[in-house]
Amino acid sequence: MSNPLIIQIQKLFEEHNYLEVSQIVSSNLSEVEDIREKKEMLLFSSQSNYFLSKNKQALEDILKVKQIMNELACSSEESADIEIQRAKILRRLGEKDVSLQIYDKLLKNSEEKLSEGMRATIFHNLANLYLEKGSFDQSKNLFEQAIEIDKRNNNEIGLAQSFSGLGGMYFYIGEYDQAIDYYRRSLKIRSKAKDLIGEATLLLNLGSTYANLLNEKNALSYLSKAEKIFKKLKHQKGEQTTLNTKARMYYSLKNYPLAVKSLKYLQTIAVKEISSPQISMLVLLIESLLKDKNTKEAERIVEKTLEATQSFDTNKKAHHITDIVKLMHLKSQYLFQQEKYEQSLEVLEKLEKLAIEFNDEKSKLAINFSKSQIFFVVNKLDIAKELAQTGVKVASKHKDPSLTAFLDLLFGISWKQSDFKECIHYSKELSKYIHISRRAHLELILRSLQIAENERITKVNFTEYKHLHKEFQILLLYQDLFSVILTGKVTLSKLEKLFKGLVTKLSDDLTHLIPYLLLTLNLIYINQDEREKLFPFPQNGSNLFSLLSRISRKQVLPEDIRENIEMLKQQESIPFHELLVILDIVFYGIIFGFISKKYLLENNWSSKIETEQKNLVELKQEILINIISNEHGLKSDLKDIPIGKNAKFLCKKILANSIREYEKTDGESIKLLQGIIADIVVRTIAIISSGEISGTKTEKDD
């Protein structure tokens, strides 16, 4: 090979400058007359384009090589090598069956002429084909055959390929530790051989595996190294695949700004340049932008991508129907976010026709859910309910994971209608499907609603409550108190059994429960000696719960309580759960008679919080004002509090049930009951409005 041009091309190829190889061959091939030199140049070009993932160009090059070799009457081994390369490219282009036929033909007709190394290569490539087809046992068997041959021949590059393939197989089946082990073994060989493209690919694979495990630190370590090598090689697809992997990981971690940043390269692509593989990543970019509240940019990219799909032929459109449906669905979502509900519904109607045309059941369910959400927001609750109920039936039939979303929505609709019996029904249905981490919150809501409807209160699994926030452990305690109040006479022995069991199972640290235990004991007039005998309360501690505990035992003077409250008021912001405890301190001030209605009206604690939980603080204050005014339940309509309607019904029902069942209904007991009910209602609505159970937020409930 004395031609200086071919020597230059070979040198560039060995230095992994594949883009330059492709460009030089393209520019100079027509000027080369020697047919053998043309063959060499085309071989370098084909392999370079393959490494650059320019698979159509790689196939064109290898077919020209095959034509030349037919003219030259080359050896069977050379011809077999070209066929192997053609099969590899066809596999990349999605022609898996054709690729499989080529390998089968080589093994049947040329086995005695194939070297061991070539047979190992075929086994390795076949293993990748079966892997992509989901035939994992066949794939593993072929990789192991290739490894056996390569070990016998000390073929480290072949071993690296098979180790990488086995890593891919274990990645597909979710055995990530095994995948990491094989990827690392392959990487070690690739690095030693200075195979940069192989090294970058392995680094990318390792990064992808750690990204799937949401191990951000390790994922970024490998992905950054891969990206650096791909940039050096001017391997655009490798760079983009690395960025795509980062974006998927950030999206899963709910870090939407970094997901958007990773996919920044997509924002500058012209409509005519959008490729099929990029559409799914554009969908991810749009979803990230919407999650990051960047509706304007999401809108621009949706329109641009939908414009690109207009040029798709029928086959290509059918292939991408899921992505097209998703794009239109995202369009309806950003219109929804902009409160353009009619326009959003129009898009959904068009989308529904498309889903019916292509018989896309999953898309039909998503459309049904979105329409139901819109009708929910615009207060057409009967239509919303009918759509959601249809969704439940279809999702149940097909065992679709959207079932929980529909049940969530139906819970939200029933909640908005203050139909607590229906809420109980959907809570029970949800409990069959939701993850254990949400079940404890769901059971707390269910128990409060059962109190309101005077139903038998559900027993709980305490192991699921140990890790609840303290404010919700308090709710659990109060709910158990009502399970006693509403099922017969309250006695000391009943409370002793109830609370000792609760405290033992819930927490070793009683500090946060003490004042609430004392409030319930006050309700049944147990004297202080009996209280101290029942619960040996600690006497020290400086946090809010300790202060509340000392106040509830009348161990703090009124002026000291006022002084503590004034000190707390100096804070610019106070966390929600602390505000609830402060308002409980205020409640005791009402019980002891040294906090007036005027004081409550002049001091707005909701100004100390900026989140949507501000409404809950306003609600608690409103209940305290009603208590000090000797009003039973919530007299006002709470028009300025979006969650007021539900709170009013809950308070009214629970208070009515407790007064009917509880023997001591004097003024003092009514106040104590109202204080407990306030905590039950506020803490229950806090769970619902947080989105822990229902995906529909309560700030629009009025």
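The values are calculated or read from the model by the stated rules, or taken from the named source; none is laboratory data. Quick caveat: nothing in here was measured; it's all calculated off a predicted structure. Cβ atoms come from the backbone with ideal geometry, glycine included; neighbour counts cover every protein chain shown. Just so you know, the surface numbers come from the protein's heavy atoms only, side chains and all, with ligands and any DNA or RNA stripped out. Shrake-Rupley method; radii C 1.70, N 1.55, O 1.52, S 1.80 Å.
Quick rundown of the values:
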read-out	value
Matching residues in the stretch 476-487 - criterion: being of a type outside the set (S, T, N, Q) and either at pLDDT 85 or above or outside any helix (DSSP H, G or I) (or both)	Leu486
Residue that is farthest from Val681 (Cα to Cα) [pool: residues in the stretch 538-590 that are open to solvent by 60 Å² or more (accessible area, probe 1.4 Å) and among the hydrophobic types (A, V, I, L, M, F, W, C)]	Leu557
Filter result for Lys293 (in a loop (DSSP other than H, G, I, E, B) and under 18 Å from Tyr251 (Cβ atoms))	yes
Hey, Ala226 closer than 24 Å to Arg92 by Cβ and either crowded, with 23+ Cβ neighbours inside 10 Å or of a type outside the set (A, V, I, L, M, F, W, C) (or both) or not	yes
Filter result (touching a residue at least 24 places away in the same chain (Cβ under 8 Å), among the polar types (S, T, N, Q) and more than 18 Å from Ser186 (Cα to Cα)) within the stretch 103-150	Ser110, Ser115
Condition check for Ser27: of a type in the set (Ser, Thr, Tyr) and either over 26 Å from His235 (Cα atoms) or part of a helix (DSSP H, G or I) (or both)	yes
The one condition in (1) in a helix (DSSP H, G or I); (2) under 24 Å from the mean Cα position of the chain (by Cα) that Leu214 fails to fulfil	(1)
Failed criterion for Trp415 (all others in (1) surrounded by fewer than 22 Cβ atoms within 10 Å (Cβ to Cβ); (2) among the aromatic types (Phe, Trp, Tyr); (3) at pLDDT below 90 hold)	(1)
Hits in the stretch 289-301 - residues which are farther than 16 Å from Lys340 by Cα and open to solvent by less than 20 Å² (accessible area, probe 1.4 Å)	Leu289, Ile301
Test: Glu78 is of a type in the set (Asp, Glu) and under 22 Å from Thr121 (Cβ atoms)	yes
Criterion (at pLDDT 80 or above and open to solvent by 10 Å² or more (accessible area, probe 1.4 Å)) met by exactly one of Lys421, Lys466	Lys421
Within the stretch 593-623, considering residues that are within 17 Å of Gly675 (Cβ to Cβ) and surrounded by fewer than 14 Cβ atoms within 10 Å (Cβ to Cβ), the one modelled with the highest pLDDT	Ser596
Enumerated helices (runs of 4 or more DSSP H) restricted to the stretch 368-449, each holding at least 3 residues that are of a type in the set (A, V, I, L, M)	381-398, 403-416
Subset of the stretch 591-617 [over 32 Å from the mean Cα position of the chain (by Cα), under 21 Å from Lys648 (Cα atoms) and part of a helix (DSSP H, G or I)]	Lys597, Leu600, Leu601, Trp605
Lone qualifier among Leu290, Leu284, Leu263 - being in contact with a helix residue (DSSP H, G or I) (Cβ under 7 Å, 6 or more places away or on another chain), at pLDDT 90 or above and over 17 Å from Lys237 (Cα atoms)	Leu284
Sole exception among (1) touching a residue at least 12 places away in the same chain (Cβ under 8 Å); (2) over 19 Å from Gly174 (Cβ atoms) for Leu214, by number	(2)
Residue ranges of helices (runs of 4 or more DSSP H) in the stretch 69-184 with at least 2 members open to solvent by less than 60 Å² (accessible area, probe 1.4 Å) and within 26 Å of Lys56 (Cβ to Cβ)	76-92, 96-109, 116-133, 156-172
Residues of the stretch 52-68 satisfying the condition of being open to solvent by 60 Å² or more (accessible area, probe 1.4 Å) and part of a loop (DSSP other than H, G, I, E, B)	Lys54
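This table checks each residue for (1) in contact with a Leu (Cβ under 7 Å, 6 or more places away or on another chain); (2) open to solvent by 40 Å² or more (accessible area, probe 1.4 Å); (3) not in a helix (DSSP H, G or I).
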{"residue": "Phe230", "(1), (2), (3)": "no, no, no"}
{"residue": "Thr241", "(1), (2), (3)": "yes, yes, no"}
{"residue": "Lys261", "(1), (2), (3)": "no, yes, no"}
{"residue": "Gln278", "(1), (2), (3)": "yes, no, no"}
{"residue": "Ala308", "(1), (2), (3)": "no, no, no"}
{"residue": "Ala318", "(1), (2), (3)": "no, yes, no"}
{"residue": "Thr322", "(1), (2), (3)": "no, yes, no"}
